[in-house]
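Reading through the structure tokens given below for one structure.
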Amino acid sequence: MRFSPIREFILNNLTAHQKDIVKTVIRKFGLSRQAVLRHMYVLIQGGKVTAHGKTKDRYYKLKPIVQKTVTITITPKLEEDTIGRKHLFPHLSGFSSNIREICEYGFMEIVNNVLSHSEGDECTLKLKITDRNVHLYVHDNGVGIFRKIKEHFDLENQHHAILELSKGRLTTTPKTHLGDGIFSIIHLFDTVQISSEGLCWKYDSSKGHQ
């Protein structure tokens, strides 16, 4: 596919503008709607983008190059690096060493948190790689991080737990963990989101805590 600054802009901004990417490109470059749709067609035909919905409600997404989901039973002997080598790390071989290291470190820190603190017995891992992004999802059926922090520190509610978590290093097991895992991750990834029991804490590197 021949390089185009317009299509490059679309790929770089599509995740944030899935429903209004056409209008966003029109405002940016002063093109007609038909001209923008031709660029979208090229990206769709090239396997970079997928279109969803009918014409009026159409939205677009970056097409996954890799999309993998695996559910694992949590056992006392399970180790995060073993999970990573088997299910995740091979899919990162095409990236530069610094990207691989960031993804591997982030994955192992989060999974270690699940294995050490969640008290759950099942964990679902999802990896999605697109032309512009790497998405890592980790979900467990345990007690929930905000509740865990609230109960350990005897806080008034889970909102206070989120506040404590957002301040920086925090751990409920100081003898075995420094509490810097999540603190480090939020400064390595563009976006980090933690959801539990209907509450959500999100860190966006361009906006800060939300």
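The values are calculated or read from the model by the stated rules, or taken from the named source; none is laboratory data. If you're wondering where the values come from, they're calculated on a predicted model, not measured in any experiment. Every residue, glycine as well, gets a Cβ built from its backbone with ideal geometry; the counts of neighbours run over all protein chains shown.
Within the stretch 179-208, being in contact with a Lys or Arg (Cβ under 8 Å, 6 or more places away or on another chain), surrounded by 14 or more Cβ atoms within 10 Å (Cβ to Cβ) and either part of a loop (DSSP other than H, G, I, E, B) or modelled with pLDDT under 85 (or both) holds for 179, 183.
Exactly one residue out of 23, 77 is over 23 Å from the mean Cα position of the chain (by Cα), surrounded by fewer than 13 Cβ atoms within 10 Å (Cβ to Cβ) and under 29 Å from residue 122 (Cβ atoms), and it is 77. No other residue among 89, 95 is over 30 Å from residue 120 (Cα atoms), in the same structural domain as residue 142 (by TED's automatic domain parsing) and touching a Cys at 6+ places or on another chain (Cβ under 9 Å) apart from 95.
With respect to residue 99, is the statement that it is crowded, with 16+ Cβ neighbours inside 10 Å and of a type outside the set (Gly, Ala, Ser) true? No: the conditions fail for residue 99.
Per this entry, residue 52 is counted among residues that are touching a strand residue (DSSP E or B) at 6+ places or on another chain (Cβ under 9 Å) and assigned by TED's automatic domain parsing to the domain that holds residue 9. Screening residue 169 against (1) crowded, with 16+ Cβ neighbours inside 10 Å; (2) part of a loop (DSSP other than H, G, I, E, B) leaves a single unmet condition, (1).
Here is a yes/no grid of residues against (1) surrounded by 14 or more Cβ atoms within 10 Å (Cβ to Cβ); (2) aliphatic (A, V, I, L, M); (3) assigned by TED's automatic domain parsing to the domain that holds residue 48:
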position	(1), (2), (3)
108	yes, yes, no
139	yes, no, no
144	yes, no, no
154	no, no, no
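Of all the numbered requirements in (1) polar (S, T, N, Q); (2) farther than 18 Å from residue 107 by Cβ; (3) free of Cβ contacts under 8 Å to residues at least 24 places away in the same chain, residue 82 misses one, and that requirement is (2). When the stretch 110-127 is filtered for residues that are farther than 17 Å from residue 169 by Cα and surrounded by fewer than 17 Cβ atoms within 10 Å (Cβ to Cβ), the ones remaining, listed by number, are 119, 120, 121, 122, 124, 126.
Let's see how each residue does on (1) modelled with pLDDT under 90; (2) over 18 Å from the mean Cα position of the chain (by Cα); (3) charged (D, E, K, R):
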| position | (1), (2), (3) |
| --- | --- |
| 92 | no, no, no |
| 97 | no, yes, no |
| 106 | no, no, no |
| 119 | no, yes, yes |
| 127 | no, no, no |
| 173 | yes, yes, no |
| 177 | yes, yes, no |
